[in-house]
Structure formats: structure tokens, C-alpha cells
Amino acid sequence: MDGKIRIINKRSDELDIGVDIPSRADVLVSEILDSELLGEGLIPTLQHAHDKLLIEYPQTVPYRATIYGQVVECTYLWEMHDLVNREAGVSDGIRLVPNGMFDLLGIKRQQYAMHCNSMKEGIKLLSEPFKVFDFDFWRRPDSSRETELHIKATNDGTVHAIISWWLLQLDSEGTIFYSTGPDWIHCPSGFKDLIHPSLALGIGVTIGNKVFGSPQAQIVLPPERIALYGDDCWRCLMLNAIGKALRQRVHQLCLVADDSIFLAIAVAHLSKSSHVIPLFPGLGKKGSEYLQRVAAANNYTMDRIEILKKKDLQSTLQDSNQRKISLFVAEPFYYGNDSVLPWQNLRFWKDRSLLDSILSKDVLIMPCRGLLRACAMYLPILSETITILEFDFSKPMSPCSGKTQVPFRESGMCHGFVLWIDDCGCWMQDNVLSTGPDKRHWKQAVKLLNEPVEVGHTEFSSTEMEAFFDPSNGELSLKHALVLNQR
């Protein structure tokens, strides 16, 4: 291939004819594609290419793309954007979205990339697939385009979302195709499908009806967080733990170290004598305004809420009769950081360490411990879930390491390991809040092997895993070694 391939270390929109390439090109090959099709700057890149770099009628790969959609009913998708109705079904007294304040919390009105195949058993199709628009790569695209569609319902139900995907026609003859569609469309798929949430309350439809939608919220949360805040089991676990901690003292000074509006409200609601300091490192002023708006509905007054920045916390407490924090809590959840690795949420542990001088000697930390968990996976799970190391949040942050052996319970091709952190509370009895792969509201980390390995009853019976957490940078290093079968 010597002399046939030339690499130019520039973006295509930085190339000049006669300087970087001798003449306009006859063929364009592009892979500027994502789940939205147009999300990675495809249109301006193609506009520049057609204007400056290509002949008038070039050959292109791909040749054309078509975006399709389908209206669906899905309880899980509804849970991810309808906190109002779900909260109406719980009786714990906490109201994150009180009556008449439906604009307080919501998810961003945008597409969400998800693998719909994993939830297809819970999806009811309410329309036939419909074409949204075509996009030709072989001609210069317009900067904007709008399509109005009237979709006929083919099933009775409630519209919770619109699933969309794209179909690529790779050649001009129409013989080679690639699709991101779900399994029931029977196309080869490699990308995630897109979810377009409908109105927060859902739209009831009957066969033959046509659908149209949508307001924006004051605080925009990830859809998984909305689903979690509406989960009755999760709320019950958190409230029981907080209630048990609050009963140990009459007058508590509670610090909410992260952006958890739920914990801030819960502490203020459950204890009429406690003082609450939410740090809200991401929410900031939005968080304090939110707490003020929901105060009456949750039976607390704002004179018990004090919003402080972390940099002002120590000096403020030291100047006010040497007050000490007796309850330190976090979910942990950090606004705007919903795609971080599980151990990157341990920043609350770092805060606990930095604030050690203003914590009381018998301070209660929630969560008190964290368990780094892992399992080997393909499909199905190839090993039992094991604990690699344990974090002790009741003590200042320090280096941690752990080592364990993981036996493979199934034979199969192992592609890697899934990792997550389960949270424990010292006063939660034996309750553990798991964030593992069987919980849809949480995201896990994945460590892929360099090459897939056949495991189980073949050559390898188990793997030895070792983890080290470095508090200086918050990073976790993981090593593994496959163990041979003993014959």
C-alpha cells in the first residue's frame, strides 16, 4: 500500500485544494454518524466538502440515510420522565413535585440513546414504523429542515415515547444496507436506538387517533434519576435509614454533600429540630430556589435550611459557636455528571476527608461503606457477583486495595467485567443499596478484555481480580489474571 495512502493531519474543513490535495475528489467516504445520525457535525462537514473538496456529482459512501420512528407505550420509559404520577402513588409525605408545581423537575426534552432490544418485552407498539425524512450524502445538504407528520394509532394505549432509528443505504444501487433499528424491525443493528419522551403525563390514544406535544422544567435531571426518585422501594430504604439516624439525636446539624434534593427535603421533613446545609455543588442557586418553593408542601421552613459553598463552610461553622456536623449524607449524585464511572462519585468521600475538622466525633456518615463489586459477563452472566474491595466512608479518604478470586459459574465467551459500587449504611441493618446491572436506574463501568476468552469448563475455571483506589486522583486501577483449570 506504499504510496497509495496519504494521511493528512487535519480536519476535512481545514483542507485546501492545491495545498493539501491536488484536485477535487471523486469519492467521499464518511463515518460521521451517531445515534442521532446528524449529531456529530455531519451537516456543516458535508456542506464544506461539497462546496470546497468534491466534484459536482461525487460517489459517496454512504449514499443515503433514512430516519424512521415508531410510537410506543412502555412503563419503564414512562417511569423515566413522569415523576408527578408516580409520586402521587407513594405515601411517605415527601413531595418533590407538589401539586400545581409540575414545572419544577423534569428531564431535558431531547433524544436519549438506549438499546431498546433489552426492554422489548415491556414495549407495546402503538403505530407502524413511519419515515421521518431522507438525507442524501451525494448532494449538498440544507442547513435546516422541518417535517410535519400525522401518525395514525394502530393500537389502544398511552404514548410514552417515540423510538427512532436510521437506515443507511451504503451504495447507490440499493443493495447494501445498515440499520440501527430494534430487533422487531429485522435489520442488522450496531448503534443504540433513540428515545424521544412524550409529554410528562403521557398521552392516551385509541386506534385511529392522531398524536401531537411540551413544557420545560426548572431543574433538569437525567431520566434515570427521575425514575429513581419515583421508586417507592428506593425512597423507603433512604427514608428508613435517615429516620433511624435522626432518632439518635434531638438537634442535628446535617450536611448534604452532593446535589441530592431528595435527601435535603427528607432530613428537613423528618426532623423539626435539625438544621440542614445542602452544598449543591452543581445545582447552586437553582437548588436553593427549589427548596424554597417546595418547603410548605414538605412541612419545613427555610430558616432551617442554610445554603453554603464548600469553601465557606469551615469558616462559617467555626464562627458560629463551634458547631459540628453530626450527620453527613449523600446519595451520591452530582448534577451534570451522570455519565461518570462509579468510583468518580466518591468525591463525597474526599469532601468528608477535607471537612474532618468540622465533623463531630460521633458523626454519622451515609452511606457508611461502599463495596466495589464485579462480575464477568457476556450473556448470560458468567460468574457470581463478588466484592473486590471495601471503602470505609466513616474514616478520611485513604488508599484502598482488594484482591479476590472469581469462579466462573457458566461456560461461555468472556468479553470483560462489569463493575459498580454498592452503598451500605451503618444504621441500615443489613440493607445494601445496589447499583448493579440488574438495576436499570444505574450505570456501571465496563472493563473489556483485549481479546475474548473461552471460560468455564474449558481451560480457565476462574479469574483473580485485584483493585487499587488512588485518592490523589480518584482513579481506580484493576488487574485480572485468568486461572487455569486443575486437571
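Can you tell me which residue in the range 392-451 is farthest from Arg235 (Cα to Cα), limited to those that are of a type in the set (Lys, Arg) and within 27 Å of the chain's Cα centre (by Cα)? Spell out the reasoning first.
So the first thing to find is which residues in the range 392-451 are of a type in the set (Lys, Arg), and the list is 395, 403, 409, 439-440, 443, 447.
From what is left, the residues that are within 27 Å of the chain's Cα centre (by Cα) are 439-440, 443, 447.
Values: Lys439: 15, Arg440: 16, Lys443: 19, Lys447: 31 Å.
Across the range 392-451, the extreme among qualifying residues is Lys447.
Starting from the range 427-452, take each residue that is aliphatic (A, V, I, L, M) and list its partners that are part of a loop (DSSP other than H, G, I, E, B) and at pLDDT below 85, counting only C-beta distances under 9 angstrom and pairs at least six apart or across chains.
Close Cβ pairs (under 9 Å, with a partner that is part of a loop (DSSP other than H, G, I, E, B) and at pLDDT below 85) amount to Val432/Gly425; Leu433/Gly425.
Of the numbered conditions (1) of a type in the set (A, V, I, L, M); (2) assigned to a helix (DSSP H, G or I); (3) within 16 Å of Leu221 (Cβ to Cβ), Met101 fails exactly one; give the number of that condition.
(2)
Give me the residue from the range 263-276 that is aliphatic (A, V, I, L, M) and either at pLDDT 95 or above or buried (at least 22 other Cβ atoms within 10 Å of the Cβ) (or both) and, out of that set, farthest from Trp234 (Cα to Cα). Before the answer, list the steps.
Of all residues in the range 263-276, those aliphatic (A, V, I, L, M) come to 263-268, 270, 276.
So of that shortlist, the ones also either at pLDDT 95 or above or buried (at least 22 other Cβ atoms within 10 Å of the Cβ) (or both) come out as 263-268, 276.
Working: Leu263: 12, Ala264: 16, Ile265: 15, Ala266: 13, Val267: 16, Ala268: 18, Val276: 21 Å.
Ranking the qualifying residues of the range 263-276, first place goes to Val276.
Tell me, yes or no, whether the range 101-108 has at least one residue that is touching a Leu at 6+ places or on another chain (Cβ under 9 Å), farther than 27 Å from Val267 by Cα and outside the structural domain of Ile265 (by TED's automatic domain parsing). Steps first, please.
So the first thing to find is which residues in the range 101-108 are touching a Leu at 6+ places or on another chain (Cβ under 9 Å), and the list is 102, 104-108.
Restricting the remaining residues to those that are farther than 27 Å from Val267 by Cα gives 108.
Imposing the further condition that a residue be outside the structural domain of Ile265 (by TED's automatic domain parsing) reduces the set to 108.
Checking the range 101-108: at least one residue is touching a Leu at 6+ places or on another chain (Cβ under 9 Å), farther than 27 Å from Val267 by Cα and outside the structural domain of Ile265 (by TED's automatic domain parsing).
What about Tyr334, is it part of a loop (DSSP other than H, G, I, E, B), more than 21 Å from the chain's Cα centre (by Cα) and hydroxyl-bearing (Ser, Thr, Tyr)? Even if it seems obvious, please write down each step before you answer.
Numbers: part of a loop (DSSP other than H, G, I, E, B): yes; more than 21 Å from the chain's Cα centre (by Cα): no; hydroxyl-bearing (Ser, Thr, Tyr): yes.
It is false that Tyr334 is part of a loop (DSSP other than H, G, I, E, B), more than 21 Å from the chain's Cα centre (by Cα) and hydroxyl-bearing (Ser, Thr, Tyr).
Please specify each residue of the range 277-292 satisfying the condition of being in a helix (DSSP H, G or I) and surrounded by 14 or more Cβ atoms within 10 Å (Cβ to Cβ). Steps first, answer last, please.
Narrowing the range 277-292 to residues in a helix (DSSP H, G or I): 285-292.
Answer for the range 277-292, where residues must be in a helix (DSSP H, G or I) and surrounded by 14 or more Cβ atoms within 10 Å (Cβ to Cβ): Lys286, Gly287, Ser288, Glu289, Tyr290, Leu291.
Within the range 138-169, which residues are surrounded by fewer than 18 Cβ atoms within 10 Å (Cβ to Cβ), within 30 Å of Gln59 (Cα to Cα) and not hydroxyl-bearing (Ser, Thr, Tyr)? It would help to see each step written out before you state the result.
So the first thing to find is which residues in the range 138-169 are surrounded by fewer than 18 Cβ atoms within 10 Å (Cβ to Cβ), and the list is 138-150, 152, 154-156, 158.
This time we only want the ones that are within 30 Å of Gln59 (Cα to Cα), so: 138-147.
The answer is Trp138, Arg139, Arg140, Pro141, Asp142, Arg145, Glu146.
Could you tell me how many of the residues in the range 103-125 are basic (Lys, Arg) and touching a helix residue (DSSP H, G or I) at 6+ places or on another chain (Cβ under 7 Å)? Spell out the reasoning first.
Let us first name the residues in the range 103-125 that are basic (Lys, Arg), namely 108-109, 120, 124.
Narrowing the set further to residues that are touching a helix residue (DSSP H, G or I) at 6+ places or on another chain (Cβ under 7 Å) leaves 120.
Summing the residues that are basic (Lys, Arg) and touching a helix residue (DSSP H, G or I) at 6+ places or on another chain (Cβ under 7 Å) in the range 103-125 gives 1.
Does Leu476 qualify as being under 30 Å from Phe348 (Cα atoms), in contact with a His (Cβ under 7 Å, 6 or more places away or on another chain) and in a strand (DSSP E or B)? So that I can check it myself, show each step before the final result.
On the way: under 30 Å from Phe348 (Cα atoms): yes; in contact with a His (Cβ under 7 Å, 6 or more places away or on another chain): no; in a strand (DSSP E or B): yes.
Criteria not met by Leu476.
The values are calculated or read from the model by the stated rules, or taken from the named source; none is laboratory data. These figures come from a predicted structure and were not determined experimentally. Here Cβ is always computed from backbone atoms with ideal geometry, including for glycine, and neighbour counts include all displayed protein chains.
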